[in-house]
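Trainee: First the structure, then my questions, so here it is.
Coordinate-derived values only; no laboratory data. Only a predicted model underlies this, so the values are computations on that prediction, with no experimental measurement involved. No Cβ is skipped: glycine too gets one built from the backbone with ideal geometry, and neighbour counts run over all protein chains shown.
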């Protein structure tokens, strides 16, 4: 149910009688797991992860969960990105004397947590040891993160960053004849509520910023909220693109949020494009479909699903490398010619990041005989890098960076281009969850909620994480794998 969040690698670790069982590999979940290796995953406690590479290469060594054997034995899975990795790595080597085997910031964070646990020195850690260790992680690690970990013979731990940037939800399945102390229940923690729902779990709550949940081996649940926590500011892009529409994040139905985005954008089109002749509204599937339907309804225009999606091609946005993304677009979407021929078409996209997809789609639509191609985006222009765990870190690869809307329209080949206003986008989420008023909006306005992002940091990040750098890392990884195979 969370495959949409990562297609690069997958892994599962379970725990049975203080022993871990781990399977992971590159590819989709169905590529990595079969009946044979699933049968080897023993136990009643486990952690699963799908990888979406925002850093490093596509090597299986970077697939999660990660494991360290000291202290106790810890399994660790992480969603997000740390913004002070170099600083932490230096102290891990020089002060903590811990070894890192990959370039993944998830492994860095695991070692910070493991060192904090070791410092407590408990033979059998209790909830207070766990809470103290997570507090140390909060003090040392900056950025966006949601973490789920297992400690052999101790229990399961989950915690969220101090701003609540990355999502994390807690679910409960109550068993018949439940004891008064709550034991006998099953518990599940995930990035999105849809994973809980299909597994028969009730959504209990979203972890608060800085909150840690600890479930011991007897099934007792302990909760603690950090005094270091800030006001909740979840990532706005989760609601625009990353999350499934049937999920509820921080009290907001993603589906309702996208309806509200369509409402707000339709109102703007009425104000600013009243004289533009639109014949038909067409979504760029599938994330923008809900907003597009609402726009068509509000504008009293025909709605047509005229770009047919090949469900066997993955999400191009999270594919590593521009060449792979571009190559996949025409395999992923195929137009129905009669819907476009001789029409003034309004294409609705959820967002425009690199511009690769929309440029190729506009070219396809014109090939089908469209008279005019207008484009609307349910999100504002993405002008700034993301540093908290979404793969848009290089400013040079963001098509809206340093360009006006008119220049953007010319660049992608659109006759007209209209974006959602940032205030309207935020209000669309708040309307769905009135208590949710603050967000991480950094990709749209350059305001980073952690307050530690400098121009120098962004420049270094660009050099490290643009597509050219990723290609170099992928080639090196490929050579290494081939050498290993021959050896």
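Trainee: Taking neighbour Cβ counts within 10 Å as the exposure measure, how do 88, 148 sort from fewest upward?
Mentor: Result, fewest neighbours first: 88, 148.
Trainee: With a 10 Å Cβ neighbour count serving as the proxy for reagent exposure, in which order, fewest first, do 156, 364 appear?
Mentor: On the way: 156 21, 364 17.
Ascending Cβ contact count within 10 Å gives the list 364, 156.
Trainee: Find how many whole Å separate the alpha carbon centroid of the range 189-257 from the alpha carbon centroid of the range 400-450.
Mentor: After rounding, the separation between the Cα centres reads 24 Å.
Trainee: Contact order normalised by length for the range 326-431, with contacts defined as Cα pairs under 8 Å and 6 or more residues apart; what percent is it?
Mentor: 28 percent
Trainee: Using helices alone, I'd like the mean residue ellipticity at 222 nm for the chain: each DSSP H run of four-plus residues gives -39500 (n - 2.57), total over residue count, nearest 500. Don't skip to the answer; put the middle values down first.
Mentor: Working: 16 runs with 163 residues, N = 487.
One gets -10000 deg cm²/dmol as the mean residue ellipticity at 222 nm.
Trainee: Now, a different point. With axes computed from alpha carbons, what is the tilt in degrees of helix 127-140 against the longest principal axis of the chain, rounded to the nearest 10 within 0 to 90?
Mentor: 50 degrees
Trainee: Nearest 5 percent is fine: what portion of the DSSP beta bridges confined to the range 251-440 is antiparallel?
Mentor: Restricted to the range 251-440, the bridges split so that about 15 percent are antiparallel.
Trainee: Test of understanding: ordering 374, 255 by Cβ neighbours within 10 Å, fewest first, what list do you get? Could you put the intermediate results ahead of the total?
Mentor: Numbers: 374 23, 255 16.
Lowest to highest Cβ neighbour count: 255, 374.
Trainee: Can you tell me the 0 to 90 degree angle between the C-alpha axis of helix 455-465 and the longest principal axis of the chain, rounded to 10?
Mentor: With both axes taken from Cα atoms, the answer is about 90 degrees.
Trainee: Roughly how tilted is helix 322-332, in degrees to the nearest 10 and between 0 and 90, from the longest Cα axis of the chain?
Mentor: Between the helix axis and the principal axis of the chain, the angle is about 60 degrees.
Trainee: How high is the relative contact order of the range 3-232, in percent, with contacts defined as C-alpha pairs under 8 Å that are six or more residues apart?
Mentor: Dividing the mean separation by the residue count of the range 3-232 yields 15 percent.
Trainee: What percent do you get for the relative contact order of the chain when only Cα pairs under 8 Å and 6+ apart count?
Mentor: Values: 1010 pairs, mean separation 60.9, N = 487.
Computed value for the chain: 12 percent relative contact order.
Trainee: Which percentage, to the nearest 5, of the DSSP beta bridges contained in the chain is antiparallel?
Mentor: On the way: 57 of 73 bridges.
About 80 percent, rounded to the nearest 5.
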